[in-house]
Every structure is written in C-alpha cells, then in structure tokens.
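Trainee: Take this structure first; my questions come after.
The values are calculated or read from the model by the stated rules, or taken from the named source; none is laboratory data. Here the structure is a predicted model, which means the values were calculated and not measured. Every residue, glycine among them, receives a Cβ derived from its backbone with ideal geometry; neighbour counts consider all protein chains shown. SASA here: full protein model, heavy atoms, side chains in, ligands and nucleic acids out. Shrake-Rupley method; radii C 1.70, N 1.55, O 1.52, S 1.80 Å.
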Amino acid sequence: MSVEDEDARLETAEDQAADWIVRQDGEPLDEADQAAFAAWLAVPEHRREFDRQHAVWQRYRRMASLPVRIEQPEQRGGRHRWRAASAPIRRRIALPAIAASLALIVVGYAEDWPMRLRADYSTGIGERRTITLADGSVVRMDGGTALAFDRSDTQRTVRLLAGAAQFQVAPDRRHPFLVETREGSVTALGTVFSVQERGDRPEVAVLQHSVAIRTSAGARAIVHEGESTSFTAERVERPTRTDVQAATAWTRGKLIVFDRPLGEVVATIARERHGYWTVRGDAANLRVNGVYNLDRPLDALDALEKSLGLRSMRISDRLIVLSR
C-alpha cells in the first residue's frame, strides 16, 4: 500500500498525524515518504495536529521500551494451559496499536477538559457517583460522565455531555424534566430511566413509567417501562422489551451481556480505566455472554481472554490488544 493510499484510508487528521509519528519513530523514511510527509505537513491543519500529538507522544514514548507480555494457550492433557512470555517490543506488532492509542490519548486530551468546563457535574474514569440536583432529582453517574443542569421558568434541563446516567426524577408537573443529547432529547413522563451518550446513538432504558424521545430532526417515540431503544438525529429505533436491570447493571458496578460482540464488550470494560484496550481482526465478532465486575476491569479482560482462547499483546496494563 502506497503512502497516498494509506493516508486516504486514515480518515481524520488525528489518525494521519499519529501514523506519521509512528512511521518516524521506526525505520528512517525513504525519499518518497519524506516528500509525502512534507506535502502533508504543508497543510496548516496537519501541522497543528502533528505538533500537538508529537508533544503528547514524548510523554508516552517510554512505553515502547517496556516488555511486551504475550499470552497464548497451549494444549496439554486435553486441556488449555496458559503461558506468558516476555519479549522486547516488536514494532511490526505493536506500532499499529500504539498509533491507535496515541490518537485516542490525544483526542482525550483535546476534548476532555473543554467538556468538563461546560459541566456542572462530572466523574473520572472508573468513578461512579450519585448526585442530587437542585430540584431534588437523583442522578447516578457512570465513569467518564459529564452533565450540566439548568432550571428555567418552564422546564428542567440536563445536558448529557458524555457518558451514562440514571435519573430518578422529582415530581414537578409545571416544570418538565428533559435530558438533552447530541441527537435529540428525552422527556420524563414518569420516574426512573437511564440515558447513555456513547458512540453515535444514545441509548435509553426505562425502569419506571415512560419517556418521550424527540430527535433533532423531529422524529418522536414513546418508550414504556421495561423497554429500551436507541436513536439518531433522524430516527428512533423501535422500542423493544428488554431486561432493564441488565441494561443498567453499571449502576451496581456490573456488566451483564447476552450474545454481544467481543469488540463491544471490551470497549465497554475499557472505559473503566485509563489506557487503550481493543480487539483486532475477526476476534472482535466473537459472541459473548456473562457477568463482569466493572470495579475490576483487568480481571474481566483476563477472563474474556482465557475463556475465548485468545492471545494478548500488552505494554504494561495500559495498552492491551486481544486477537486470535
């Protein structure tokens, strides 16, 4: 794959900058790559992004000198046993993961603090917190959550900036209770419901009574007790009956999954601590069932690795890549 093709595959300036930094940290660039890099860097947006990521990279570069622990099963006596090996980091294995982690780290540095400045309440990675709003409503916040609250003469509004929250709404008929997300709003028609603002579509689960969803484009739906759904700016998915106790298990420090892809499960567990954990290749599509302790995310990841017979590439416990 040529440099031009690779840059076309990497969609954002963040990804491209991370890729260039990793290339320069490996073998010296040849003449073609040097010319391509100079042309790429001539774009002011690219220069700013490269300089920003390069500063962060200097902090994390020492990770490349740490040993990589590769765990894989070995067959013995009809049963799988596990062996761990330490070896110097091999660039052809680790650098794609480091490039991805660098982009993730930098995006976190760039977006986290501005978001928190807009928030009235926030939680850190792996932190869960219960707060009481000025109107008496109780909110249970998952880790990595940020929200702002405003009460006007006509309504009460929570802006969920990131993360997940469960709302137990204080009765006040004169002031409707709304949760605003990037894709639309959720209005309480009862007491208890949860909203997760992660990825490109917020997820809603209703534990008591019902809620009304209105998307940014004007689509509407009512979600009743015991149902869940997700929505985009254009549409609301059809609500379905669900185990809302499982859907809100994070409030109890648990992750309960039924027939979910491994990539999604690992991404959820990874939100409980700093670092970069991911799944590569077709292993991401393996189906998972189980109950995992979010207060012990590394144990949860180890259990998934061993039960599915996977391999892992580890740079300490901050950067872990699972694969077959």
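Trainee: Give the residues of the stretch 218-229 that are open to solvent by less than 20 Å² (accessible area, probe 1.4 Å) and not β-branched (Val, Ile, Thr), sorted by residue number.
Mentor: Start the filter on the stretch 218-229 by keeping residues that are open to solvent by less than 20 Å² (accessible area, probe 1.4 Å), which leaves 223, 226, 229.
Of everything in the stretch 218-229, just one residue is open to solvent by less than 20 Å² (accessible area, probe 1.4 Å) and not β-branched (Val, Ile, Thr), namely 226.
Trainee: Just to be sure, is residue 269 touching a Leu at 6+ places or on another chain (Cβ under 9 Å) and assigned to a helix (DSSP H, G or I)?
Mentor: Numbers: touching a Leu at 6+ places or on another chain (Cβ under 9 Å): yes; assigned to a helix (DSSP H, G or I): yes.
Taking the combined requirement at face value, the residue satisfies it.
Trainee: If you scan the stretch 234-253, which residues turn out to be open to solvent by less than 20 Å² (accessible area, probe 1.4 Å) and in a loop (DSSP other than H, G, I, E, B)?
Mentor: Residues satisfying the conditions are 248, 253.
Trainee: I'm trying to understand the selection: among the residues of the stretch 281-294, which are farther than 14 Å from residue 260 by Cβ and either under 16 Å from the mean Cα position of the chain (by Cα) or in contact (Cβ under 8 Å) with a residue 60 or more places away in the chain (or both)?
Mentor: Across the stretch 281-294, the qualifying residue is only 294.
Trainee: As an exercise: evaluate residue 295 against (1) assigned to a helix (DSSP H, G or I); (2) out of contact with any Ser or Thr (no Cβ under 9 Å at 6 or more places or on another chain); (3) among the acidic types (Asp, Glu) and give the number of the one condition it does not meet.
Mentor: (1)
Trainee: Among the residues of the stretch 254-266, which ones are in a helix (DSSP H, G or I) and open to solvent by 50 Å² or more (accessible area, probe 1.4 Å)?
Mentor: In the first step, residues of the stretch 254-266 are kept if they are in a helix (DSSP H, G or I); the result is 262-266.
Once the filter is applied, which keeps residues that are in a helix (DSSP H, G or I) and open to solvent by 50 Å² or more (accessible area, probe 1.4 Å), the stretch 254-266 yields only 264.
Trainee: Which one of 295, 317 is of a type outside the set (Phe, Trp, Tyr), closer than 26 Å to residue 245 by Cα and open to solvent by 30 Å² or more (accessible area, probe 1.4 Å)? Steps first, answer last, please.
Mentor: On the way: 317 fails: closer than 26 Å to residue 245 by Cα.
Residue meeting the stated conditions: 295.
Trainee: Can you work out which of the residues in the stretch 135-146 that are of a type outside the set (Val, Ile, Thr) and at pLDDT 95 or above is most open to solvent (accessible area, probe 1.4 Å)? It would help to see each step written out before you state the result.
Mentor: Residues of the stretch 135-146 that are of a type outside the set (Val, Ile, Thr), as a first pass: 135-137, 140-144, 146.
Add one more test, that the residue is at pLDDT 95 or above, and what stays is 135-137, 140-141.
Working: 135: 26, 136: 40, 137: 1, 140: 91, 141: 1 Å².
Among them, the one singled out is 140.
Trainee: Could I ask something else about it? Report, ordered by the first and then the second residue, all pairs with beta carbons closer than 9 Å, sequence separation of six or more or different chains, a first member in the stretch 192-216 that is under 15 Å from residue 165 (Cβ atoms), and a second member that is among the basic types (Lys, Arg) and not in a strand (DSSP E or B).
Mentor: Partner pairs satisfying both residue conditions: 197/182; 198/271; 202/182.
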